[in-house]
1. First check a/c for chain B, with a ≥ b ≥ c the square roots of the eigenvalues of its C-alpha gyration tensor; if it is under 1.5, answer rounded, and if not, answer prolate when a/b is larger than b/c or oblate otherwise.
2. Please give the contour-minus-distance gain from residue B:67 to residue B:107: 0.36 nm per residue of separation, less the Cα-Cα distance, rounded to one decimal in nm.
3. Please report the relative contact order for chain B, taking Cα pairs under 8 Å with a sequence separation of at least 6, and give it as a percent rounded to a whole number.
4. Rounded to the nearest whole Å³, what is the per residue volume of the convex hull around the Cα atoms of chain A?
5. Compute the distance in nm between two label points, each set 7 Å from the Cα along the Cα-to-Cβ direction, one at residue B:16 and one at residue A:54.
6. Defining a contact as two alpha carbons under 8 Å apart and six or more residues distant in sequence, what relative contact order in percent does segment A:58-116 show?
7. What percentages make up the Cα-Cα pair-distance distribution of segment B:20-60 when the bins are 10 Å wide from 0?
8. For q = 0.15, 0.16, 0.18 Å⁻¹, what log10 I(q)/I(0) does the protein assembly as shown give under the Debye formula with an equal point scatterer on each alpha carbon and no solvent?
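Where a number appears in this text, it was derived from the coordinates with a stated rule and is not lab data. Note that the structure is predicted; figures quoted are calculated from it, not measured. Quick reminder, even Gly has a Cβ in these numbers, built from the backbone with ideal geometry, and neighbours come from all protein chains shown.
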């Protein structure tokens, strides 16, 4: 099946710093990618829809200036958590759909962010 | 996305079939039924999806009722590695909204 690579898998940073997470579709093009966040023992929560070449669409309650999304190519979307604070500590997961085929979404392996 | 209801947890015996139910009584005609699973600390893994007809692949079978108000995911021979949270999602298009899922524990 299609592969979505997410990097880094784990990051620890100090409060106030910014962290960038990359999501790549390795063997397909993805006009649209999605970013989710998951807190311990909870389900995935959709944060935003990333659209290649245009602005991301954010879900209600998600701060767009806090979570910067860039989708500059058909195979790469990035999520930058700006001025991270301990409450931003979470598991961040991206997903992408193959433009050529089907309705399936493929997910990355996730990034565990810990803000000290 | 359609609202889905799943039991919060389920145990099943290794080697036996695991039948995971999902209610989606408000599903629209153009919404697919998707099943994903998430093993601890990993991203969700696609299992199967369908619209009206029953579907089967190398991982599982999906049985959708004729009125499309419910479905059952069948893992034919559960193994310990099938222990995970299983999510049933009703959606059209790209965006998937995850509910609480069913936490499945496969026991030896």
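1. Details: a/c = 1.85, a/b = 1.52, b/c = 1.22.
It comes out prolate by the Cα gyration axes.
2. Numbers: separation 40, 0.36 × 40 = 14.40 nm, distance 3.35 nm.
So the chain would gain 11.1 nm between residue B:67 and residue B:107.
3. Numbers: 276 pairs, mean separation 41.3, N = 108.
Taking the mean separation of contacting Cα pairs over the length of chain B, I get 38 percent.
4. Working: hull volume 11.3 nm³, N = 116.
In chain A, the Cα convex hull volume per residue is 98 Å³.
5. Output for this residue pair reads 5.1 nm.
6. Working: 70 pairs, mean separation 16.1, N = 59.
Across segment A:58-116, relative contact order equals 27 percent.
7. For segment B:20-60, the pair-distance distribution reads 23, 51, 24, 2.
8. Values, matching the q order: -0.99, -1.11, -1.31.
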